[in-house]
Amino acid sequence: MKIGIFANETKKSMRIKNELITKFKERHFILDDTHPDIVITIGGDGTLLSAFHSYEDQLENIRFVGVHTGHLGFYTDWRLDELDDLIISLQSDNGQAIAYPLLDVSVHYRNQSKPDKFLALNEATLKRIGMTMAADVYIGGDFFERFRGDGLCVSTPTGSTAYNKSLGGAVIHPSLAALQLTEIGSLNNLVYRTISSPLIIAPNDWITIRPNQTSDYFMTLDQKTVYGKEIEEIMFKISKRKIRFAKYRHTAFWRRVQTAFIGDSYEN
Ligand code: NAP
C-alpha cells in the first residue's frame, strides 16, 4: 500500500507529519505522494478540501483518511492520540471504503465554445461584486424563478454543514445524493420574488443558473475562486465521480453534527 501525506503548514501538522513518516518507515510502508492509494490529511476540513483538489484526477484510485489537529471535523475524524491505531488499521486494510457525492459544475462563457468543467466537494457559489445579481434559475431544464440578490450556493450533502448551513440550508445526511440550492441575500419585496427557502434537488435533476448580466461575477468552488470571465450559464449536477474515505471505523453522521454544532452543554 502506498501512502501519501498531505498536511497544512502549521508547526503542529508538520510535527505530526514527520512523526507519521517515521512510523511508516519503521513499518515498511511505501510513501508516495504522487500516486498514493491512501492519502492521509493532517489539519482540518479545509486541509482535506485542499488535498481533494490536489488529487482530483486520481479519485478513483485513492481513499482519504483525515487526521484532525484541532476539533473533530466532517472529513477528519482521527485524533492525534490515535495515530498508532490508525497505523494498525492501515496494516490490516482490506479496501473498505465509504463514498460521498460530489458536485459537477459546467461553466459556459460568452466567448468560449467549450464549457469549463469543475468538481466540488463542499459547494459552488455564484456571486456578483458591487451590484445586485440577477439570474434565471432552472431546475431540470424548466424555468423556476428570476433571482435577485447577492448570489446563489449549490452544495453537496457533505458540504451541507459548511457554507450552506450559514445560509440557512438544511443539513443533509451524506447517504442522500441530493443537491441543495440556497440563496445569498435575496431581494424580496413587491417587485421581486424568490422562493426564499433552500431547495433540495433529486439526484437525477440538475440546476442551471443564467446570469442576466454577463460580467462582474465571481464563482467559488470550495476554496477556489474564478473571476473575470463573462459567464453565460452554469449547470450543476451530482457527479458520477465520488470521493472515497477508508472506512476503518464508523462515526455516525448525526453524532458528528451534534459534536460540531451543539456540544454537550445540555447533556444531563
Ligand atoms: P476557511 O474560511 O478557512 O474555513 C471555513 C470553515 O469551514 C473552517 O472552520 C472549516 O473547518 C469549515 N469547513 C470546511 N468544510 C466543512 C464541512 N464540510 N462541514 C463543516 N465545516 C466545514 O476556509 P477553508 O477551510 O478553506 O474551507 C473552505 C470552505 O469554507 C468552503 O467550501 C465553504 O464551505 C466555507 N465557507 C463558509 C462561509 C460561511 O460559512 N459564511 C463563507 C465562505 C466559505 P476546519 O476548521 O476543520 O478546516
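Descriptive notes on the structure:
- Strands (runs of 3 or more DSSP E) fully within segment 149-221 that include at least 1 residues being free of Cβ contacts under 8 Å to residues at least 40 places away in the same chain and within 26 Å of D45 (Cβ to Cβ): 179-186, 199-201.
- Condition check for Y138: touching a strand residue (DSSP E or B) at 6+ places or on another chain (Cβ under 6 Å), among the hydroxyl-bearing types (S, T, Y) and within 16 Å of the ligand (Cβ to nearest atom): no
- Pick from segment 118-133, criterion among the polar types (S, T, N, Q) and surrounded by fewer than 24 Cβ atoms within 10 Å (Cβ to Cβ), ranking: farthest from the ligand (Cβ to nearest atom): T132
- Here K11 clears all of (1) touching a residue at least 24 places away in the same chain (Cβ under 8 Å); (2) surrounded by fewer than 22 Cβ atoms within 10 Å (Cβ to Cβ); (3) of a type outside the set (D, E) except the condition numbered (1).
- Some residue of segment 189-205 being closer than 22 Å to V105 by Cα, within 16 Å of the ligand (Cβ to nearest atom) and of a type in the set (D, E): no
Matching residues to (1) more than 18 Å from the chain's Cα centre (by Cα); (2) among the polar types (S, T, N, Q); (3) more than 29 Å from L179 (Cα to Cα):
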position	(1), (2), (3)
N18	yes, yes, yes
T22	yes, yes, yes
D37	yes, no, no
L80	yes, no, yes
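- Scanning segment 242-253 for residues that are free of Cβ contacts under 8 Å to residues at least 24 places away in the same chain and either within 26 Å of L181 (Cβ to Cβ) or in contact with a His (Cβ under 8 Å, 6 or more places away or on another chain) (or both) gives no hits.
- Residues satisfying the stated conditions in segment 222-236, i.e. in contact (Cβ under 8 Å) with a residue 40 or more places away in the chain and within 20 Å of the chain's Cα centre (by Cα): D222, Q223, K224, V226, I234, M235, F236
- The conditions of being farther than 23 Å from V67 by Cα, away from the ligand (no atom under 15 Å from the Cβ) and free of Cβ contacts under 8 Å to residues at least 24 places away in the same chain are not met by S239.
- Any hit, segment 104-122, residues being in the same structural domain as L187 (by TED's automatic domain parsing), closer than 25 Å to Q258 by Cβ and not small (G, A, S): yes
- Some residue of segment 157-171 being away from the ligand (no atom under 12 Å from the Cβ) and hydroxyl-bearing (S, T, Y): no
- Test: L176 is over 13 Å from the mean Cα position of the chain (by Cα) and either modelled with pLDDT of 95 or more or assigned by TED's automatic domain parsing to the domain that holds A252 (or both): yes
The values are calculated or read from the model by the stated rules, or taken from the named source; none is laboratory data. Values in this document were obtained by computation on a predicted structure and should not be read as measured data. Methodologically, a virtual Cβ is constructed for each residue, glycine included, from the backbone with ideal geometry; neighbour enumeration extends over all protein chains shown.
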